[in-house]
Amino acid sequence: MRNDENRLKRPKNLEELAVLFRETHGCLRILAGGAYVPSRLGSSDLFVDIQDLGADRVEKSGDILRIGAAASLQQILEADTGLKELRTPLELEAGANARSSLSLLNFLRSADQRSPFLTALLALAPELELAPSGRFVSLERFPRSQPENEREFPLWMSFRIPDDFAWEFIARTPKDRPIISLAAARKKDSALRIACGGDEHPPRVISQSAKAEALFALVRHAYEASGDAWASAEYRQEMSQVLLSRCLQRLESNALKKEEL
Amino acid sequence: MNFDLHINGQSVAVEAAPDEKLLDVLRRLGYLGVKSGGCKRGECGACTVLMDGKAVNSCMFLAVQALGHEIVTIESLGTPPNQGWKETEGLSPLQKAFIQNGSIQCGYCSSAMILAAKALLERNPDPSEAEVRGALSGILCRCTAYVKPVEAVLQAAAMMRAQQNRAAVSEPKIVPVDAIPSTQVIGKSTVKVDAEKLAQGRQAFTADFARPGTLVARVLRSPLAHARIVRLNTDKAKALKGVAAVLTWEDLPRVVYSTAGQSDPIPGPLDSFSLDNKVRFVGDRVAFVAAESAEIAEQALALIEVDYEELPPVLDPRDAMITGAPIIHDEGEYVNFADSDPGINLAARIRIDIGDVEKGFAEADRVFEREYVVPKVQQAHIEPHVALSYWDPDNRLVIVTSTQVPFHARRMLAPLLKLPVKRIRVIKPRIGGGFGNKQEVLVEDVAAHLTIATGKPVIYEMSREEEFIASRSRHPMRIKMRTGVKLDGTMTANEMIALSDTGAYGCHALTVTGNTGQKSMALYVGDEEYRKSPNIRFYADIVYTNTPPAGAYRGYGVPQGYWPVDRHMEMIARELGLDPLAFRLKNALRSGEFQPFSTSWNEGREPRPEIIHTVGLEACVREGAEAIGWHEKYGNSAWHEIPGKPHLRRGIGAALVMQGTAIPYLDMGGASLKLNDDGSFNLLVGATDLGTGSDTVLAQMAAEVLGVNADDIIVYSSDTDFTPFDKGAYASSTTYISGTAVIKAAAQVAQRIKARASEMFADAGTQAAPESITLADGKAQEPGGKCYTLAEIALNSLHHTNQEQIMAVASHVSPSSPPPFAAQFASVLVDLQTGQVTVEDLVMAVDGGVIINPAAASGQIEGGMAQALGYGVCEEMVYDGRGRAREKDLVDYHIFRADEMPRMQTIFVETYEKSHPFGAKAVAEIPMDGVAPAVGNAVMDACGADIVENPITPEKVWRARTLIV
């Protein structure tokens, strides 16, 4: 195999990766499999392909799910995550080819505001483990755009698998981008966490242990200024109540089934 | 960068730019089965390859990312078994299945589908239909509705499991209602003549013919909806290394024209320039660049300095003719056609009164009035517009282009380029879908001007974003309906008043909107005495706005007409308590009656009254209703309700439609046919197969006349130097017009063959008059049973005695336009709480005359229904207050995927249309007409929501439901 050693590197471990970051002062591009329109490159930029770092896996350990930056959306869909309802937002995100092409890292960078999978993920409260720093940051705080210089990038995403998870959406066709989508995750020892998406604002997260009435009001409020070319705010506010109700029913129903088992 | 890629089992040395996509590198290396849909973002999936056995989009990877991985392209799958003296293992089962069951229409996405299916079958040899649909979900197809490709994958899987060699073809149901003569080749699902080539990803499409060293063109487009260009500076762009030419309006001859590819004289205003000093929509042309690479050309665009004087735009067609509205076309060169008046932003005007409309209203018991709205939608063919131009050694300009109208393009380009027609040659290779959008001359002049400027070959391919912001679309309209009806359901008068938005230019403005009334309002003439003298009014104003131009789109104005006409019919039937099907049939046109509009209008030419002879509408209603279970479902509350799911409700709806078949006295097609030494024939046609299968259908018709197999007819289409004139592929005309030309040519050749055979029989001592000789099974046979093969006759005529080339040229123009008819049915599931509509079933029963090739024809119906479904529920193009498009890609502009299609069924009701030698009419456009209103009617049936504006979005249904509650 020949390659241009000056432009392309495939580090084998995190130490090698860290060296590349240090030497280039961030003038590099992380390749993780699948790229939505890479930004224009500097003439001396280095390509760092992370496919040999071992971060191309979906791992489940106890109730923790860990997804590598180079794992494709299709791998996530096919993995035994214990979250059957995650399939629908993944299928809505893109067709099979694009899911196989798109790595988690590039998805996180390119996902737009209306992304169904992003909305679903936000309900799961994932943390991103950044490389090479080893720093952790929540997905909510991660900037979803290609940076001019790479200082660090999420190498792993992990979250605690909730006891219950529900996803509801409204779209013009069964596989169209949602006009409104709601994801709800519940863990035994923490609050219900709801992500509200589907409009042209970034998905909003509501974490609330309050009573249902308050929850409905908060979700409605999240769509207060959500009017855009796809739907009116009035419609979204009304539908947020319908979808929340369905999500809660789903969670209840799932909980009952688990108790019966 | 230099590196090695492992492609199709071989190590291939690659030199690639660091940010070069795998797609571009593979195509540069000659893997032409990897297609570009212009998005480069993984939206369409046409660029699918296998990477380590998984189907991925090669546009989503940089070439360097593929290093160390095994890449498989379609080129590795298989070739036909007989390659001259060399035998191969043959085509793969998947390729065979795609070829044999008619899965390949335009073929642009076929390689991608086959590869995705290969990946699936390698890990799952016995997939379910849902799994197949899932595997194909990333590959968008605008032609097939995925019906046959999904069947093909299942068939291939079965073939591989059972080690069979042939896929079963699932034929559509055909119900003859007239006596249909027996035929040998006509009526058979002959394999498409180009399917094998397309299943192998061979060089076929325009971009495949670009040679090394070809310059790449890009177009600078306006960011403003309406502005004058007051200053241009191209110095920096021209100085950029690798830039060969930068052209602005100051560099080009100022020649006014219309981009509409229509016969001479163009029935519309001349209001366009290749480049102008004014821009009229966001996306309008500002400058052309040719450079050594796409990247350099794009950098050059960014270096062009433009100062604009922004002008107030007109974005709402209702504002266009208001006094004081900004004038969009104030150029002195504007050439009017008919009633166009640029001073009031009027591109065309139609005023048609048939009978005495006011008297009809006065005689009605009830008059129903309502306004309907139809949206702007995009053709969304997967192959973008693309043209390649170069000077040939004889100093003639050759333009290879993905066009539906090669001959119109040549004629229209000549004045723009300041070249005589004789110095232009237009070659149309395979077209990757067009749907009317390639009936425009949109890219050819860009490439040609740049070739003239540089002397070098230039290719210009639109990006997906350009397709959305700068190509053409369906005319959006606001349509007021007023219908007078007696209480027994007799229609006494029908009126349609349309306001049509042609956008910034008036291409097809008059003729598209004319069709809106002519083909939809003509279906309902009334009953009893009204039937003898219908009262119909159709008025339309077609206005300019500062939005991207509308143009030709499959159906050509008729889908816009049937949304209001049929939704209105449904509303009236329900208001009067009439059976909706019986009410429609009571008032519908019948055989032996005049097409009412033919007595009053002919696209600006003299009207020519025409009697309609074949109307299979009642049979279509009967067959379609039976197939969908209409009588068990309509009005049956038990069927409408979903046990345990009170928020869901089913509904069923129907719509009746008619289209046209060619333009009478205008559309002309030509064909030439010659006999070869072995008894095969070369058929040269100017007709353009844009994925419809017309080349195959034309071959079948020639074969039927000549008594040979369809594969003995070698079809070539089209090249303005070699093939006879044809008006091109539009108006559902190829089978009817070009087909009749082929039949005429074949009849002449048959006559010559019989005469030659008669002489050969005489020389051998047998007297047989030419008219007594029959052609069948590749032989000429005299009544006594003696025969000569066509090869023997060919050798005799070419080499032995009184040598001559047996060949003929013929052309055809028709005095009639016999309409196809159809009954469209739909069943839906409506979420009463959210308004979300899921279409579950689409059934279409079509009277297209005699069906020449059932597999190809049903593919047309299925694909058309899928496009029309988008028109019904999700497709629309929306602009903000500054004229900027919301939809610029195939994510926001959603077209149906394989994994979300409703069940579909096609039924052909065969009438025998005597104006065609084999009784054919047309099928290409009619499936666009009825789906949206049928779905609208089904939604109304489900939940009472009476939607007047398509697409039927969840919010519209919810709002309509809110009004009811």
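Here, each number is a calculation from the coordinates, and none is a lab measurement. Predicted, not measured: the structure shown is a model, and the values here were computed from it. Here the Cβ positions follow ideal geometry from the backbone for every residue, glycine too, while neighbour counts run over all protein chains shown.
Which three semi-axes in whole Å describe the equivalent ellipsoid of the protein assembly as shown, each the square root of 5 times a Cα gyration tensor eigenvalue, listed largest first?
Ellipsoid semi-axes (Å, largest first): 47, 38, 32.
Quantify how strongly other chains surround peptide A:165-176 by giving the mean number of their Cβ atoms within 10 Å of each of its Cβ atoms.
Mean number of neighbouring Cβ atoms from other chains: 6.
Quote the charge dipole size of the protein assembly as shown about the Cα centre in Debye, to the nearest 20; the model charges only the Cβ of Lys and Arg (+1) and of Asp and Glu (-1). Spell out each step's value before the answer.
Details: 130 positive and 156 negative charges, 163 e Å.
So the magnitude is around 780 debye.
Any of B:LYS197/B:LYS921; B:LYS148/B:LYS173; A:LYS60/B:LYS54 with alpha carbons more than 25 Å apart? Name them for me.
B:LYS197/B:LYS921
I need the calculated FRET efficiency for the pair A:GLU15 and A:SER207, taking r as the beta carbon distance and R₀ as 45 Å, to the nearest 0.05.
Working from the Cβ atoms, E equals 0.75.
Across segment B:174-181, in residue order, what do the Karplus-derived ³J(HN,Hα) couplings come to in whole Hz, using 6.51 cos²θ - 1.76 cosθ + 1.60 with θ = phi - 60° and x for Gly and Pro?
Here the 3J(HN,Hα) series is 10, 10, x, 10, 10, 6, 10, x Hz.
Can you compute the charge dipole magnitude of chain B about its Cα centre, using +1 on each Lys and Arg Cβ and -1 on each Asp and Glu Cβ, nothing else charged? Give it in debye, rounded to the nearest 20.
Value, rounded to 20: 400 debye.
Show the residues, 5+ positions off or on another chain, whose built amide H is closer than 5 Å to the amide H of B:LEU346.
Distant-sequence amide H within range of B:LEU346: B:ASP341, B:TYR544.
Which residues' amide hydrogens lie under 5 Å from the amide hydrogen of B:THR492, considering only partners 5 or more residues apart or on another chain, with H built in the peptide plane?
Long-range HN contacts for B:THR492: B:GLY484, B:VAL485, B:LYS486.
Using a 7 Å offset from the Cα along the Cα-to-Cβ direction at both B:ALA13 and A:SER133, what is the distance between the two label points in nm, to one decimal?
Between B:ALA13 and A:SER133, the label points sit 4.4 nm apart.
Under a plain spin-label model, where a point goes 7 Å from the Cα along Cα-to-Cβ, how far apart in nm are B:THR88 and B:LYS914?
About 5.1 nm, to one decimal.
Place a label point 7 angstrom from the Cα of B:ARG574 along the Cα-to-Cβ direction, then list the residues of segment B:620-659 whose backbone nitrogen is under 13 Å away.
Once the point is set 7 Å along Cα→Cβ of B:ARG574, B:635, B:651-654 turn out to lie under 13 Å by backbone N, inside segment B:620-659.
Dimensions of chain B along principal axes (Cα, Å, largest first)?
81, 78, 61
Remind me, relative contact order of chain B in percent, using alpha carbon pairs under 8 angstrom and six or more residues apart?
For chain B, the relative contact order is 14 percent.
Take each of the peptides B:38-45, B:187-194, average the number of other beta-carbon atoms within 10 Å over its residues, and list them starting from the highest.
Details: B:38-45: 27.0, B:187-194: 22.8.
Ranked from most to least packed, the peptides come out as B:38-45, B:187-194.
Give me the inter-chain shielding for B:59-69: mean count of other chain Cβ atoms within 10 Å, whole number please.
6
Output wanted: per-residue J couplings in Hz (rounded whole) for segment B:660-677, from phi through Karplus 6.51 cos²θ - 1.76 cosθ + 1.60, θ = phi - 60°, x for Gly and Pro.
Going residue by residue, I get x, 10, 6, 9, x, 6, 10, 5, 10, x, x, 8, 10, 9, 9, 8, 9, 3 Hz, with x marking Gly and Pro.
Order by neighbour count: B:LEU413, B:LEU450, fewest other Cβ atoms within 10 Å first, most last.
Arranged by neighbour count, lowest to highest, B:LEU413, B:LEU450 become B:LEU413, B:LEU450.
With charges only on Cβ, +1 for K and R and -1 for D and E, what is the dipole size of segment B:411-538 about its Cα centre, in debye, rounded to 20?
In debye, rounded to 20, segment B:411-538 gives about 540.
For segment B:341-429, with equal point scatterers placed on the C-alpha atoms only and solvent neglected, what are the log10 I(q)/I(0) values from the Debye formula at q = 0.10, 0.15, 0.16 1/Å, to two decimals?
Result of the Debye calculation: -0.59, -0.82, -0.86.
Just name one of B:PHE281, B:SER222, A:LEU182: the one whose Cα is farthest towards the positive end of the charge dipole of the protein assembly as shown (beta-carbon charges, Lys/Arg +1, Asp/Glu -1).
So the residue furthest toward the plus end is A:LEU182.
Got a sec? Charge dipole of the protein assembly as shown, +1 on Cβ for Lys and Arg, -1 for Asp and Glu; which of B:GLY484, B:SER272, B:ALA63 is way out at the positive end?
B:ALA63
Could you work out the helix-only [θ] at 222 nm for the protein assembly as shown, with each DSSP H run of four or more residues adding -39,500 (n - 2.57) and the total divided by the number of residues, to the nearest 500 deg cm²/dmol?
So the calculated ellipticity at 222 nm is -8500 deg cm²/dmol.
Long-range amide H contacts for B:ASP721: which residues qualify at under 5 Å (H placed 1.01 Å from N, peptide plane, sequence gap of 5 or more or a different chain)?
Result for B:ASP721 returns B:VAL426.
Of B:GLY872, B:ALA885, B:ALA898, which is farthest on the positive side of the dipole of segment B:808-965, counting Cα position, with +1 on Lys and Arg Cβ, -1 on Asp and Glu Cβ, and the Cα centre as origin?
Going by the charge dipole, the pick is B:ALA885.
For the pair B:GLU641/B:VAL230, report the inter-label distance in nm, with labels modelled 7 Å from Cα in the Cβ direction.
Calculated label separation equals 7.0 nm.
Per residue of B:894-906, what is the mean number of Cβ atoms on other protein chains within 10 angstrom of that residue's Cβ?
Mean partner shielding for this stretch: 3.
Only Cα pairs under 8 Å and at least 6 apart count here; give the relative contact order of chain A as a rounded whole percent.
Relative contact order here is 16 percent.
Need the C-alpha centroid separation for segment B:821-859 versus segment B:515-589, integer Å.
Spelled out, the Cα-based centre of one part sits 19 Å from the other.
Could you work out the relative contact order of segment B:926-965, using alpha carbon pairs under 8 angstrom and six or more residues apart, expressed as a whole percent?
Working: 23 pairs, mean separation 12.9, N = 40.
So the answer I get is 32 percent.
Applying the Karplus parametrisation 6.51 cos²θ - 1.76 cosθ + 1.60 with θ = phi - 60° to the phi angles of segment A:222-231, what ³J(HN,Hα) value in whole Hz is obtained for each residue in order, glycine and proline being reported as x?
4, 9, 4, 10, 9, x, 8, 5, 9, 6
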